[in-house]
Amino acid sequence: MNTKKRVVMDADKIERSIMRISYEILEDHKGVTDLIFIGIRSGGILLAKRLSERISRIEGKAIPTGILDINLYRDDVMMAGGKRKLGETHIPCCLDNKKVILVDDVIFTGRTIRAAMDALMDFGRPKIIRLAVLIDRGHRELPIRPDYVGENLPSSLWEEVNVTLTEAKAHEEVVVIEN
Amino acid sequence: MKLVRKDVLGIADFSVEEINLVLDIAGSFKEISQRPIKKVPTLRGSTVINLFYEPSTRTRTSFEIAAKRLSADAINISASTSSVVKGETLMDTAKTLESMNPDIIVMRHACAGAPHILAKLLKQSIINAGDGAHEHPTQALLDMLTIRDKMGYIRGLAVTIVGDIAHSRVARSNIYGLAKMGAKVTVCGPAMLLPYGIGRMGVRVETNMRKALERADVIMMLRMQFERQNKATFPSLREYASQYCLNADNIRLAKEDVLVMHPGPINRGIEIAPDIADGPHSAILEQVSNGVAVRMALLYLLAGGQ
């Protein structure tokens, strides 16, 4: 099959997006009180960590960061076609009255976020939930909209959007693959 | 990876990959039992029937909790309070239950092979929760999860299983599983309770407990199964305890960081001294917690999860 790869964000651009989103979050929430970052497994984990570290550095205060696996809350969990293996969820504290920043790398149909919100509610009653993503590629199937977006990337359904973030910050990029 | 099988009848026909898959998934399920709201919606609308022809507290409760934490409906049937006492056969009970369209039937029976008959007869998934002295696969899986969690790995560990090997389905399932995972298993007990030919399962056989405990990484103590013994297999309980009770003295023969396990229920002072059962080496209560996670993993995987 003919596949074409197109780089839409390089490391610098990703870094600048993360920086801008960090300041937006700080401004909207007037500081970091009660803030908690939850990354959706697996694409959101590093991004959540990156955002929380960036804001911690600006404010000089550590911000709790968690990991959420949404597989058990999916609406297609028992249907064929899924390829994700169940992973661990780690929420560092009760979410009662917390300001939760839910983080994922790409938002597409919105179904993952629906599942994530259901999952979050089982850990308490957050004061608010906000959604931060690096890429919004459109094609929503549910009435869900991200609050912080790195890049709006209109895409075709047959395209694949891949975000590569690494712990070592090497070869980071966002690519669109045309199938 | 998906678990490509309809039933879980024994560890004998499990592959290493399947065992690892169940243990990995179970590891992810442990966290759910620590949450304030211990429930996920995954198996909403599924029905699990616990069909128990033998008394059980921990296994039945564990399966029931596992099903309920996954939002499945769990129904318990015990033989003593069902139409079995009115003379209904196993086949008829099975067919009756099948007509109510459950998704998974968990079954315990005093006869080896009973769940296998059900598995052939019914379209539902069958999980063996213990059949006679044959297999108890979920116990072996939870034991392996406990060992892996506490020791970090299974391959190469010296595991000593002590007690009533002859009547123990727990021992058989563990021997199958631990051998597949690369552990070195020793079985130990009075000669009368070591079945003929057990060595062919790939284990070292030892009647002297002190020798069996030497350099052990893991010690699994088993309960004397009086309900399955129809003749005197040893002179007295006191004599058995004097030779085969795990206590503060003989545990010193094992490795310093030895892990002590027991599938329960415990007969304190017979196969294990109370200070050992409650001591720092004991993982007995963790086994129980891990049992819920392993059973959640199996229900999830049999229903098609991954």
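The values are calculated or read from the model by the stated rules, or taken from the named source; none is laboratory data. Computed from a predicted structure; not experimentally measured. Neighbour counts are summed over all protein chains in view; Cβ atoms, including those assigned to glycine, are modelled from backbone coordinates with ideal geometry.
Within segment B:237-247, track down each residue that is surrounded by fewer than 17 Cβ atoms within 10 Å (Cβ to Cβ) and either of a type outside the set (A, V, I, L, M) or in contact with a Gly (Cβ under 8 Å, 6 or more places away or on another chain) (or both). Selection gives B:R238, B:E239, B:S242, B:Q243, B:N247. Scanning segment B:32-60 for residues that are in contact with a Leu (Cβ under 6 Å, 6 or more places away or on another chain) and hydroxyl-bearing (S, T, Y) gives a single hit, B:T42.
Exactly one residue among A:G60, A:G43 is in contact (Cβ under 8 Å) with a residue 24 or more places away in the chain and away from chain B (no Cβ under 11 Å), and that residue is A:G43. When segment A:85-112 is limited to residues that are of a type in the set (A, V, I, L, M, F, W, C) and in contact (Cβ under 8 Å) with a residue 60 or more places away in the chain, the one that is nearest to the other protein chains (Cβ to nearest Cβ) turns out to be A:V100. In segment B:69-93, the qualifying residues are those that are in contact (Cβ under 8 Å) with a residue 40 or more places away in the chain and in a helix (DSSP H, G or I), and the one that is surrounded by the most Cβ atoms within 10 Å (Cβ to Cβ) is B:R69.
Scoring A:W158 on the criteria (1) under 23 Å from A:L51 (Cβ atoms); (2) free of Cβ contacts under 8 Å to residues at least 40 places away in the same chain leaves a single failure, condition (1). Would you check if there is a residue in segment A:1-14 being small (G, A, S) and surrounded by fewer than 20 Cβ atoms within 10 Å (Cβ to Cβ)? Taking every residue of segment A:1-14 in turn, at least one turns out to be small (G, A, S) and surrounded by fewer than 20 Cβ atoms within 10 Å (Cβ to Cβ). Within this structure, B:I276 fails the test of being outside any loop (DSSP other than H, G, I, E, B) and either touching a His at 6+ places or on another chain (Cβ under 9 Å) or of a type outside the set (V, I, T) (or both). Of the residues that sit in segment B:259-273 and are assigned to a loop (DSSP other than H, G, I, E, B) and under 20 Å from the mean Cα position of the chain (by Cα), which one is nearest to B:M209 (Cα to Cα)? Filtering segment B:259-273 for residues that are assigned to a loop (DSSP other than H, G, I, E, B) and under 20 Å from the mean Cα position of the chain (by Cα), the one nearest to B:M209 (Cα to Cα) comes out as B:E271. Under the condition of being within 14 Å of chain A (Cβ to nearest Cβ) and within 16 Å of the chain's Cα centre (by Cα), which residue from segment B:6-58 is surrounded by the most Cβ atoms within 10 Å (Cβ to Cβ)? Per the stated criteria, the residue is B:A26.
Just a yes or no: is a residue in segment B:272-288 crowded, with 23+ Cβ neighbours inside 10 Å, more than 14 Å from chain A (Cβ to nearest Cβ) and under 21 Å from B:L194 (Cβ atoms)? There is at least one residue in segment B:272-288 that is crowded, with 23+ Cβ neighbours inside 10 Å, more than 14 Å from chain A (Cβ to nearest Cβ) and under 21 Å from B:L194 (Cβ atoms). Just one residue in the set B:I165, B:I117 is hydrophobic (A, V, I, L, M, F, W, C) and either buried (at least 21 other Cβ atoms within 10 Å of the Cβ) or in a strand (DSSP E or B) (or both); that residue is B:I165. Among the residues making up segment B:168-183, those that are surrounded by fewer than 22 Cβ atoms within 10 Å (Cβ to Cβ) and not in a loop (DSSP other than H, G, I, E, B) are B:A179, B:K180. Scanning segment B:135-162 for residues that are under 11 Å from the mean Cα position of the chain (by Cα) and not in a helix (DSSP H, G or I) yields B:E135, B:H136.
Among the residues that make up segment A:122-131, is at least one of them outside any helix (DSSP H, G or I), of a type in the set (D, E) and more than 14 Å from chain B (Cβ to nearest Cβ)? Within segment A:122-131, none of the residues are outside any helix (DSSP H, G or I), of a type in the set (D, E) and more than 14 Å from chain B (Cβ to nearest Cβ). Scanning segment B:34-58 for residues that are part of a helix (DSSP H, G or I) and modelled with pLDDT of 95 or more gives no hits.
In segment B:283-299 there is at least one residue that is in contact (Cβ under 8 Å) with a residue 24 or more places away in the chain and farther than 30 Å from B:S46 by Cα. Within the span defined as segment A:65-74, every residue fails to be surrounded by fewer than 14 Cβ atoms within 10 Å (Cβ to Cβ), modelled with pLDDT under 95 and outside any strand (DSSP E or B).
For segment B:184-210, taking the residues that are free of Cβ contacts under 8 Å to residues at least 12 places away in the same chain and in a helix (DSSP H, G or I), the one that is surrounded by the most Cβ atoms within 10 Å (Cβ to Cβ) is identified as B:G199.
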